[in-house]
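So the structure is just underneath, and the comments pick up after that.
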Amino acid sequence: MIEQTVEVNTPVNLTIKSLSGVPGDSLPPPEMVLLKDGVVQLTPTVTVTDVGVHGLYNFKFTPASTGYFVLYVYGEIQAQVNVQSRSVFSYLKNIEDESLGSWVWDKEHGTLKMLRQDGTEMATFAVIDDMTTASRERVL
């Protein structure tokens, strides 16, 4: 069985072998069910494509909300996908961008912009700087 954790709005692509192992079985399989938190889902739509060899099929869907998705096909649960608002990788990317990215301090307006490694803006801060202390506060 396949187990994955993905972020919301990230395409999920699962490759599963049919029971017969023969290409060209019916698409989508008639008994296919996608559950979210134990409830049958009509959306997102699961797209099924024949890989063309060894009876392999790609099952693809894009979850638009968080939850625990289960794909039932070929008589058993084939995949469990935990959809979260953020993944561990997004946190790690933020840490890396903060440490390796750049920043621009506009002293005239008292703002500090933190930039990601690719140059896009990560966050903006209000900066207070005087002769004895300096501080920043996140601007939402």
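Observations
- Applying the condition of being of a type in the set (Phe, Trp, Tyr) and part of a strand (DSSP E or B) to the stretch 34-79 and asking which residue is surrounded by the fewest Cβ atoms within 10 Å (Cβ to Cβ) yields TYR68.
- Residue check, GLY21 small (Gly, Ala, Ser) and closer than 15 Å to TYR74 by Cβ: yes
- Evaluation of ALA79 against (1) among the aliphatic types (A, V, I, L, M); (2) in the same structural domain as SER26 (by TED's automatic domain parsing); (3) farther than 20 Å from THR5 by Cα (one fails), failing number: (3)
- Selection count, the stretch 1-30, where residues are charged (D, E, K, R) and at pLDDT below 90: 1
- Of all residues in the stretch 104-128, those that are assigned to a strand (DSSP E or B), of a type outside the set (Val, Ile, Thr) and exposed (fewer than 13 other Cβ atoms within 10 Å of the Cβ) total 2.
- Residue within the stretch 79-87 that is farther than 28 Å from ASP25 by Cβ and among the β-branched types (Val, Ile, Thr) present: no
The values are calculated or read from the model by the stated rules, or taken from the named source; none is laboratory data. Source: prediction; values computed, not measured. Cβ atoms come from the backbone with ideal geometry, glycine included; neighbour counts cover every protein chain shown.
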